[in-house]
Amino acid sequence: MNDDERFAQAFYEDLEGGRLGLLSVVAKVVFDLSGYFYAGSLIRKAHLRPSDRMLEVGCGTASMLIRAHGFRNSASKYYGVDISYTMLDRARHNIRRQGLGGSIFIAASPASSLPFKDESFSVVLFAFVIKHLSDETFVSALKEAHRVLMPGGRLVMWEFLPSSMGWANRYVYSITRAVRLRDRGEVISLLEKTSFLHPKPFTILAPWMPTKTFAVVATKRAAK
Ligand SMILES: C[S@@+](CC[C@H](N)C(=O)[O-])C[C@H]1O[C@@H](n2cnc3c(N)ncnc32)[C@H](O)[C@@H]1O
């Protein structure tokens, strides 16, 4: 695990463990409801199919995985990894409560080193995770995502954009403990450098978010 991953791990242990006061209270509500608020648009716009075998990196409390699974009435198995044990405990609880223990599987793992065989997934999702990754870890995470995707598989990302207003940036950095917010061009250029093809930005309306967000889908080259 890299230093930025250890830093994010400590933050989410404190956040979900209730040690950050009001921020912990708000975060609990946001994480549990996030799947309901935004999973639908993301699933539609990223064209997720019921047959997709999906991995969510930084799955948090599994809110998104649960909603995505139900939304498409999927018969596929979904997987999630996260670096925070406390978030994963909550995820296990949520998955059990929905009766999805045989369909959604989660494990502790950093984005920079995924515990899956090559070409295991048709979709890899990062929702609100990449702000926690340094440039070095981001590149490792993209290479890992590329490795575990099947040929023709899709990478889907969604994250806050840096704002032109200094106070808004400072607010997002302070509530999320982000290492780095990246603009569209930077994310697209890193996707291309790590061999992803045809990055296509798309819009998700999320007026309740503190700043604007950016979503993108990119593809791994299909087999010849
Ligand atoms: C803002 S939460 C988003 C959770 C979920 N994706 C959602 O949208 O509801 C970010 C999650 O990413 C996890 N995370 C941060 N850095 C990570 C890394 N390097 N590897 C794996 N998980 C990471 C955190 O522990 C946290 O659970």
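Bear in mind that the values in this text are calculations on the coordinates, not laboratory data. Small disclaimer: the values here were computed from a predicted structure and weren't measured. Glycine gets a Cβ as well: all are built from the backbone with ideal geometry, and neighbour counts include every protein chain shown.
Observations
- Dipole of the chain, positive end: most advanced residue of Leu42, Ala10, Phe214 [Cβ charges, Cα centre]: Leu42
- Placing +1 on each Lys and Arg Cβ and -1 on each Asp and Glu Cβ, with no other charges, gives the range 140-224 a dipole about its Cα centre of roughly 260 debye.
- Additional length obtainable on full extension of the chain from Phe202 to Tyr85, 0.36 nm per residue less Cα span: 38.9 nm
- Charge-dipole axis of the chain as Lys and Arg at +1 and Asp and Glu at -1 on Cβ define it, positive-most pick from Phe196, Met1, Ser163: Phe196
- Between Phe7 and Arg184, the simple label model (points 7 Å from Cα in the Cβ direction) yields a spacing of 2.8 nm.
- Beta bridges from DSSP with both residues in the range 3-219: antiparallel share about 35 percent, rounded to the nearest 5.
- Anisotropy class of the chain from Cα gyration tensor, a/c 1.5 cut: rounded
- Label-reachable residues, the range 61-96, where backbone N falls under 18 Å from a point 7 Å from Phe105's Cα toward its Cβ: 62, 65-66, 69, 74-83, 88-89, 91-93, 95-96
- Difference of contour (0.36 nm per residue) and Cα-Cα distance, Val30 to Lys212: 63.8 nm
- Stretch gain in nm, segment Ser41-Arg147, where the contour uses 0.36 nm per residue and the Cα spacing is subtracted: 35.5 nm
- Amide H within-cut-off set for Tyr79, under 5 Å, with H built and near neighbours excluded: Met54, Leu55, Glu56, Phe105
- Between Ala168 and Ser195, the modelled label-to-label distance comes to 3.7 nm, taking each label 7 Å out from Cα in the direction of the beta carbon.
- Whether the range 23-141 is rounded, prolate or oblate, judged on the alpha carbon gyration tensor where a/c under 1.5 counts as rounded: rounded
- Placing +1 on the Cβ of every Lys and Arg and -1 on the Cβ of every Asp and Glu, with no other charges, gives the chain a dipole of roughly 780 debye about its Cα centre.
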